[in-house]
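A quick write-up on the structure given underneath.
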Amino acid sequence: MEEKDIYILGIESSCDDTSAAVLKNGILLSNVTASQAVHEAYGGVVPELASRAHQQNVVPVVDQAIKRAGITKEQLTAVAFTRGPGLMGSLLVGVSFAKGFARSLGIPLIDVNHLQGHVMAHFIREADDDHAQPPLPFLCLLVSGGNSQIVKVNAYNDMEVLGQTIDDAAGEAIDKCSKVMGLGYPGGPIIDRLARQGNPKAYQFSEPHIPGLDYSFSGLKTSFLYNLRKWVEDDPDFVEHHKEDLAASLEWTIVDILMKKLRMAVKQTGIKHVAVAGGVSANNGLRNAFYDHAKRFGWTVYIPKFSYTTDNAAMIGIVGHYKYLDGEFCSIDAPTFSKVTFK
């Protein structure tokens, strides 16, 4: 008997990106994302505006994902969606659409943990011969605007958090420091661009001394703010004259904090297959640090394509594919979770 192809529709709406993807037997056919520029004027994501934009975007984005995949909606096998964590209003738009769409087609629903999706982005394949995937178990540094964690990945559904931030995330620290400098939002790409032109050793900022593998970035933000206030008092145009060096020094400090703990995790576990995931994994300084550690310490590193670093539905779809193979579906009344870590 001929095996039937498995078509998974993935839907992601945890923050300010509406995304839909279609996978066939675990291979990506399409990945469509609509971003929201409305938040730039406010210096951060406004939850109410985000949920309204998702309502406008979700239908055309899903429609385009299905069309670009070259299939019809009737060919879909299951719908995978981000259940949490994220902004509640944003999540509810994607979850509600996924439930209604799956019910209308009479196909199963699959709930996906957003954090799990970021880690599993390393298993997205674009062709049959695409096999550059980390072997199990491996370590993953998950860094984004809301999360900074070191995760031991034993299986797609077995992830152990070895260390995590006790206050702010690395991405949030970058965004807040960018805002203090008056550089705009989102701060990550701006700091990344400026840092390429600056001296990473120009300024020193305090690094936390947290025991174990946990992170802390609130002290770094405070140190950056207080130093900047002092320098601006002496020179009102200080930021404009030194923004490249400030960005480079900030980036160097954050990357140094991240990599110190990651080296400890590698030493404790003996696992030298190390991946990075999440929005901050798009940062060139962090990516270069991974390549450097691969040379210095013999790590085998796994760095995702830029298109898979930020929130996207392909990562939700690949988790959905594995869960479908295991028959792990969710009920139509499954609630949304705004705050949840790995199960």
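I need a count of the residues in region 167-187 that are in a helix (DSSP H, G or I) and farther than 18 Å from residue 208 by Cα.
5
Just one of the numbered conditions (1) modelled with pLDDT of 95 or more; (2) not in a helix (DSSP H, G or I) is not true of residue 191; which one?
The one condition residue 191 does not meet is (2).
Can you tell me which residue within region 167-177, out of those that are farther than 21 Å from residue 265 by Cα and more than 16 Å from the chain's Cα centre (by Cα), is least open to solvent (accessible area, probe 1.4 Å)?
Among them, the one singled out is 177.
Got at least one residue in region 309-324 being surrounded by fewer than 13 Cβ atoms within 10 Å (Cβ to Cβ), at pLDDT 95 or above, part of a loop (DSSP other than H, G, I, E, B) and out of contact with any Phe, Trp or Tyr (no Cβ under 6 Å at 6 or more places or on another chain)?
no
If residue 213 passes every condition in (1) within 28 Å of residue 132 (Cα to Cα); (2) assigned to a helix (DSSP H, G or I) but one, which one does it miss?
For residue 213, the failing item is (2).
Checking residue 326 against (1) in contact (Cβ under 8 Å) with a residue 60 or more places away in the chain; (2) under 23 Å from the mean Cα position of the chain (by Cα), which single condition isn't satisfied?
Unmet condition: (2).
Can you pull out the residues in region 136-156 that are open to solvent by 50 Å² or more (accessible area, probe 1.4 Å), modelled with pLDDT of 95 or more and either in a loop (DSSP other than H, G, I, E, B) or among the aromatic types (Phe, Trp, Tyr) (or both)?
Those that are open to solvent by 50 Å² or more (accessible area, probe 1.4 Å), modelled with pLDDT of 95 or more and either in a loop (DSSP other than H, G, I, E, B) or among the aromatic types (Phe, Trp, Tyr) (or both): 136, 137.
May I ask you to say which residue of 239, 232 is among the β-branched types (Val, Ile, Thr) and touching a residue at least 12 places away in the same chain (Cβ under 8 Å)?
239
Please determine whether any residue of region 120-131 is touching a residue at least 12 places away in the same chain (Cβ under 8 Å), closer than 15 Å to residue 257 by Cβ and open to solvent by less than 20 Å² (accessible area, probe 1.4 Å).
The answer is no, given that none of the residues of region 120-131 is touching a residue at least 12 places away in the same chain (Cβ under 8 Å), closer than 15 Å to residue 257 by Cβ and open to solvent by less than 20 Å² (accessible area, probe 1.4 Å).
Name the one entry in 205, 224 that is of a type in the set (Phe, Trp, Tyr), at pLDDT below 95 and touching a helix residue (DSSP H, G or I) at 6+ places or on another chain (Cβ under 6 Å).
Answer to the check: 205.
Part of a loop (DSSP other than H, G, I, E, B) and aromatic (Phe, Trp, Tyr) - does that describe any residue in region 249-272?
no
Against the condition part of a strand (DSSP E or B) and open to solvent by less than 20 Å² (accessible area, probe 1.4 Å), how does residue 164 come out, does it pass?
Spelling it out, it is not the case that residue 164 is part of a strand (DSSP E or B) and open to solvent by less than 20 Å² (accessible area, probe 1.4 Å).
Find the strands (runs of 3 or more DSSP E) located wholly in region 9-104 whose residues include 2 or more that are open to solvent by less than 30 Å² (accessible area, probe 1.4 Å), in contact (Cβ under 8 Å) with a residue 12 or more places away in the chain and touching a His at 6+ places or on another chain (Cβ under 6 Å), and list them.
Fully inside region 9-104 and qualifying: 17-24.
How about region 146-161: which of its residues are among the small types (Gly, Ala, Ser) and out of contact with any strand residue (DSSP E or B) (no Cβ under 7 Å at 6 or more places or on another chain)?
146, 155
Please list, ordered by first then second residue, the pairs with beta carbon atoms under 6 Å, 6 or more apart or interchain, first in region 191-214 and more than 21 Å from residue 167 (Cα to Cα) and polar (S, T, N, Q), second modelled with pLDDT of 95 or more and open to solvent by 40 Å² or more (accessible area, probe 1.4 Å).
197/244; 199/245
The values are calculated or read from the model by the stated rules, or taken from the named source; none is laboratory data. Here the structure is a predicted model, which means the values were calculated and not measured. Heads up, the Cβs are rebuilt from the backbone with ideal geometry, glycines too, and the neighbour counts pull from every protein chain shown. To get the accessible areas, we keep the full protein, side chains included, count just its heavy atoms, and leave off ligands, DNA and RNA. Shrake-Rupley method; radii C 1.70, N 1.55, O 1.52, S 1.80 Å.
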